[in-house]
Amino acid sequence: MAGILDRLAGHAQPTRVDPGALAAAVAAARRKADPAAPAGPDGRTVRAEDYGLPTVQQLRTDLPVEDPALAAALAAARAGHWQPAAQLFWSVGQDWERRYVCTTVLASQAAQDDAWLRAWRQAHPQDAAAVTVQARSLVDLAWQIRSSNRAQDVSRDQWDGFFRMLNEVPALCREASALAPEDPTPWIVMLPTAMGLQWPNEDFTALWTEVVRRAPYHVKAHLAALSYWRPRWSGSVEHAVHFVETAIASAPRGSLLTLLRLDLLNSELRPDDQQQRPAFWTGDQVRWAVDEALADLAAADPGQLRVGALRSWLARILTLEGRHAEAFEQFRQLGSFIAFEPWSFSKDGTSLYLTTRTTAVLGWEDAGRPPLPPLPQPAAPPADSLFARYFQQI
Amino acid sequence: MASGLVGGSGGGNMAGTSGRAVRAAALLVGFYLLGFGTLALLVAVDVVSARLGMSGSVYARILVGTAVLALPILRGIFFTRGNRMRKPPGVAVGPAQQPVLWQRTAELARAMGTRPPREIRITADVNAAVHENSRLLGLLPGKRRMFIGAPLLIGLSPAQLDAVLAHELGHYSNQDTRLAGLVHRGRASMTNTLRLYAKTRGTGGFMFGIYKSYAENYLRTTQAISREQEHAADLAAARIAGRDNTASALRQIPALDAGFGFYLTHYAAVGRTYGLLPTADEYLGGFRHLLADPRRSAELDAIRSELPVGKPSPYDSHPPMAERVAVIEALPEDGRGRDSGSAVQLVHQPAPLFAAVARADLEPEQAREQQLDWAALMHAAGRARAFAAAGPLLGATAALSGGNASLPLLLDLVDQGRLDEVAAMLSEPKRAKGTSGLLRVQHLRTEFTHRLRALVQVTLADAGCGGWPLSWSRDSVFELRAGLLPATATDITGTTTSAQPLDAALDAVVALRPSTEHLRQLMYQLTYRQ
């Protein structure tokens, strides 16, 4: 499930992971014989139970959130029944973040087999949720046809199918939005569609206005829009930084939108040269972005659906920074549902998580189990970082 | 034909290479010893087997087995050249037919200090070569032939052709040693033996292993010699034809090679699978149209200015082209400049000559095929290609509806909701292998769309509404006849995009809710309202 969703949200093309981390992940995968105890860089292992961390068996990558109603609706859809799905959307109501997650999970099921969805559509042609799920399932299907290869490796046939699918989406989203004008979900589904169809910047901006009017701080929507502004689609690094800083500046603390900055650091700002990476991750710019994110997280509603997404980025980058006590704390808080970036970058969904976690725990042990440092104070970004330019402008 | 621009070439300046040459010669002697030794061993096996009084069938099998093993050695040593030049490619042209070409070749040979060829043959490929039918392990000189590819006559300037021919003749000039020629022939013998063994199995595979390691050692040793010979021939060419003409000729050859390959697949041989050819004189001669086209020329400029820097194989007898060009371009200015025009001006009556070369090159049965002018050929080939693509779709339509397959009948099936049923009867696209569910349905629909587009094109072409016009700058694509389109068919840039309404109508057929209405309407408008 995480694959297509996260590709759309953050990584429309092959996900990029620190190759160093990837090597570790591969090594971890090879040690599958004893999956509960992934070894650290020097071969030492960590018993998850000793630290109150989930064991490998407890880790969940099948669903992005712990949500029994969603799990039940998904199981029912697999069995060909649409009623639990309809019921689910009814009860989710205007929790837009959750509504979007439910839409993507059920849509990816419909992209495989849509018999239940067609039955639903037929029974309730006026149900906006069903229309939106269908629209989103076509986005999934489009990306499956296209594959996540680099653009130059996608065949003419794949592009044909990709565009054919995406071209069906706008009409469905319009239909859904007419049925439920206040619901941002159809508009959010339009974001990856517009990206795939390579809409001009001004059209995309107009679409974005419709999204934020309905859900100003929707995390997944922001991630989807950020993808559009990346250099590989229709923007540039400058566009992306500008988008991220504008979004963070206009949101209250606790919105979790600081995770956009962490995503950006990893995907666009990280140096290509392996040699320069350690210095990059331990530099002032990263420290500032992480501190801001920690403050954002501290102010967030702990029940917010995307808290785990921010924790995941923090756990990863804090480990890279060598701030092991704080990283360990994020791992402890994260829980067992880990279908988030960057963990979903590793093929099995868990190996990057496990190696990073082992590094954090062992680092914390080596430092003599230091206590958690106090929450950092808000500060301005380092003057020489790309963020500073946009940060001050806002 | 071993010698030439692309393949290995014999002879050359041996100065400073004598140590390596001696080692190469020793290895060559070893090669012959290995060959004759193995032969002796095989004969001995036969003799001993006979003496041991084996049963008839066993003895017969031993005889056959030893013969199979001996054959590659015998052929490698004795028949390497003779075999390969029994039927020389191309068409021989005599001094009476091509006086200018002959005179020019004779002058070049004199300037290079070597004897001119006894025969000049014009071939159908991008190559120039001198070949000698030497005898007795290459120890005795034989009949010398020069081969000139027609594409070079078309694509090189006169001075560039001089440079290329001088280079080839340079391999046989006075500076060459007989030893170097022998070394080269050894290479050919060895590769030939090796190739023959590569086809065999069992003990032959063992022999292949032995010869392979031996030949690799030999090739590596002689490679340095060959490279120096190539540089020497290049320098000799530069002396005769001038620095700039030689350098530009070397740059031009990869461009012509790529360009001619493209020309064959996209123009001259585009309809060959359907029995369609251009007229004989244009089969090769048409290359000039492609070279004259500004857009294609710009594409070839990219090759000319940036030579491919392939990783050189240790067995390659030629240095990389980029390296050869760099050596020539580093020579001091000689004031000779660059000439222009085509070397075809040296040819008397090129059209019938190129026609004869084309006929000699095409297989006998091809000579009977339909010959068309370029415009007719491109249209006929485009239609044949589209018709072939539409074939399975018509077949599926006939099978499902039981009627005479046609576009309207197919659209009826789509209207009945049987689109995916039709699509499932077409050949499975590679992409769809192992997929299931909706993803598979969509992959199959993509394949369906290709064939539907082809069927629509054939239908429109046969109704006189469009075709595949000739363009030397672009690939051949279906175009509706001008003026048939609704006025709306302009894109954002203001250019008319003839395919657009057609594409929209095709998309509607394979949409989520398939609709054939647009396509039916468009076909009606186009075919009845002319």
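The values are calculated or read from the model by the stated rules, or taken from the named source; none is laboratory data. Everything numeric in this text was worked out from a predicted model, so none of it was measured. Methodologically, a virtual Cβ is constructed for each residue, glycine included, from the backbone with ideal geometry; neighbour enumeration extends over all protein chains shown.
Comparison of A:D114, A:D67 shows that the only residue that is without any contact (Cβ under 8 Å) to a residue 24 or more places away in the chain and acidic (D, E) is A:D114.
For region A:95-114, does any single residue satisfy the condition of being within 14 Å of chain B (Cβ to nearest Cβ), of a type outside the set (K, R) and touching a Gly at 6+ places or on another chain (Cβ under 6 Å)? Yes, because at least one residue in region A:95-114 is within 14 Å of chain B (Cβ to nearest Cβ), of a type outside the set (K, R) and touching a Gly at 6+ places or on another chain (Cβ under 6 Å).
Please tell me if B:P88 is outside any helix (DSSP H, G or I), modelled with pLDDT of 80 or more and buried (at least 19 other Cβ atoms within 10 Å of the Cβ). No; evaluated as a whole, the condition is false for this residue. Condition check: within 25 Å of A:W208 (Cα to Cα) and within 13 Å of chain B (Cβ to nearest Cβ). Does A:L117 satisfy that? Against the criterion (within 25 Å of A:W208 (Cα to Cα) and within 13 Å of chain B (Cβ to nearest Cβ)), A:L117 does not qualify. The helices (runs of 4 or more DSSP H) falling completely within region A:303-394 that include 2 or more residues that are touching a Phe, Trp or Tyr at 6+ places or on another chain (Cβ under 8 Å) map to A:307-321, A:324-334, A:351-366. Of the residues making up region A:151-163, just one is of a type in the set (S, T, N, Q) and either in contact (Cβ under 8 Å) with a residue 40 or more places away in the chain or within 20 Å of A:R230 (Cα to Cα) (or both), namely A:Q152.
Against the numbered list (1) away from chain A (no Cβ under 14 Å); (2) crowded, with 17+ Cβ neighbours inside 10 Å, B:Q416 comes up short only at (2). Every condition in (1) farther than 26 Å from B:E479 by Cα; (2) part of a helix (DSSP H, G or I) holds for B:P408 except the one numbered (1).
When you scan region A:224-247, do you find a residue that is small (G, A, S), within 19 Å of A:D95 (Cβ to Cβ), touching a helix residue (DSSP H, G or I) at 6+ places or on another chain (Cβ under 7 Å) and crowded, with 23+ Cβ neighbours inside 10 Å, even just one? Within region A:224-247 (the criterion being small (G, A, S), within 19 Å of A:D95 (Cβ to Cβ), touching a helix residue (DSSP H, G or I) at 6+ places or on another chain (Cβ under 7 Å) and crowded, with 23+ Cβ neighbours inside 10 Å), the answer is yes, since at least one residue qualifies. Using the structure shown, decide if A:W187 is touching a residue at least 12 places away in the same chain (Cβ under 8 Å) and either away from every other protein chain (no Cβ under 14 Å) or not aromatic (F, W, Y) (or both). So A:W187 fits the description; yes.
Among A:L197, A:L179, A:L172, A:L166, which is the only one that is more than 14 Å from chain B (Cβ to nearest Cβ) and either touching a residue at least 60 places away in the same chain (Cβ under 8 Å) or among the hydrophobic types (A, V, I, L, M, F, W, C) (or both)?
Result: A:L179 is the single residue among A:L197, A:L179, A:L172, A:L166 that is more than 14 Å from chain B (Cβ to nearest Cβ) and either touching a residue at least 60 places away in the same chain (Cβ under 8 Å) or among the hydrophobic types (A, V, I, L, M, F, W, C) (or both).
Of everything in region B:40-67 that is among the hydroxyl-bearing types (S, T, Y) and surrounded by fewer than 11 Cβ atoms within 10 Å (Cβ to Cβ), the residue that is nearest to B:Y197 (Cα to Cα) is B:S57. Out of the residues in region B:434-463 that are β-branched (V, I, T) and more than 13 Å from every other protein chain (Cβ to nearest Cβ), which is nearest to the chain's Cα centre (by Cα)? Of everything passing the filter in region B:434-463, B:V458 is nearest to the chain's Cα centre (by Cα). Of the residues that make up region B:158-180, is at least one part of a helix (DSSP H, G or I), modelled with pLDDT of 75 or more and surrounded by fewer than 22 Cβ atoms within 10 Å (Cβ to Cβ)? Yes, because at least one residue in region B:158-180 is part of a helix (DSSP H, G or I), modelled with pLDDT of 75 or more and surrounded by fewer than 22 Cβ atoms within 10 Å (Cβ to Cβ).
If you check B:A326 against the conditions, is it small (G, A, S), surrounded by fewer than 15 Cβ atoms within 10 Å (Cβ to Cβ) and at pLDDT 85 or above? Considered against the rule, which asks whether it is small (G, A, S), surrounded by fewer than 15 Cβ atoms within 10 Å (Cβ to Cβ) and at pLDDT 85 or above, B:A326 comes out as yes.
Each row is one residue, and each column tells you yes or no for (1) crowded, with 16+ Cβ neighbours inside 10 Å; (2) under 27 Å from A:R213 (Cα atoms); (3) among the hydroxyl-bearing types (S, T, Y); (4) within 18 Å of the chain's Cα centre (by Cα).
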| position | (1), (2), (3), (4) |
| --- | --- |
| A:P252 | no, yes, no, no |
| A:L262 | yes, yes, no, yes |
| A:E268 | yes, no, no, yes |
| A:P271 | no, no, no, no |
| A:E292 | yes, yes, no, no |
| A:L297 | yes, yes, no, yes |
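Residue pairs whose Cβ atoms lie under 6 Å apart, separated by 6 or more positions or on different chains, with the first residue in region B:338-367 and within 18 Å of B:A96 (Cβ to Cβ) and the second exposed (fewer than 14 other Cβ atoms within 10 Å of the Cβ), are B:L346/B:V100. Do you know which residues across region A:72-115 are surrounded by 23 or more Cβ atoms within 10 Å (Cβ to Cβ) and over 26 Å from the mean Cα position of the chain (by Cα)? The one that is surrounded by 23 or more Cβ atoms within 10 Å (Cβ to Cβ) and over 26 Å from the mean Cα position of the chain (by Cα): A:W82. Taken as a whole, region B:340-353 holds at least one residue that is in contact with a strand residue (DSSP E or B) (Cβ under 8 Å, 6 or more places away or on another chain) and either among the hydroxyl-bearing types (S, T, Y) or within 30 Å of B:I120 (Cα to Cα) (or both). For A:R156, are the conditions met, namely being within 13 Å of chain B (Cβ to nearest Cβ), at pLDDT below 95, under 30 Å from B:A505 (Cβ atoms) and buried (at least 20 other Cβ atoms within 10 Å of the Cβ)? No: the conditions fail for A:R156. Scanning region B:485-525 for residues that are loosely packed, with under 12 Cβ neighbours inside 10 Å, within 13 Å of chain A (Cβ to nearest Cβ) and modelled with pLDDT of 85 or more yields a single hit, B:R513.
Against the criterion of being within 19 Å of B:S515 (Cβ to Cβ), within 14 Å of chain A (Cβ to nearest Cβ), of a type outside the set (G, A, S) and outside any loop (DSSP other than H, G, I, E, B), B:R431 does not qualify. Residues in region A:123-152 that are within 13 Å of chain B (Cβ to nearest Cβ) and over 21 Å from A:D183 (Cα atoms): A:L141, A:A142, A:W143, A:Q144, A:I145, A:R146, A:S147, A:N149. B:L480 falls short on exactly one of the conditions (1) away from chain A (no Cβ under 11 Å); (2) surrounded by 15 or more Cβ atoms within 10 Å (Cβ to Cβ); (3) out of contact with any Gly (no Cβ under 9 Å at 6 or more places or on another chain); (4) modelled with pLDDT under 95, and that condition is (3).
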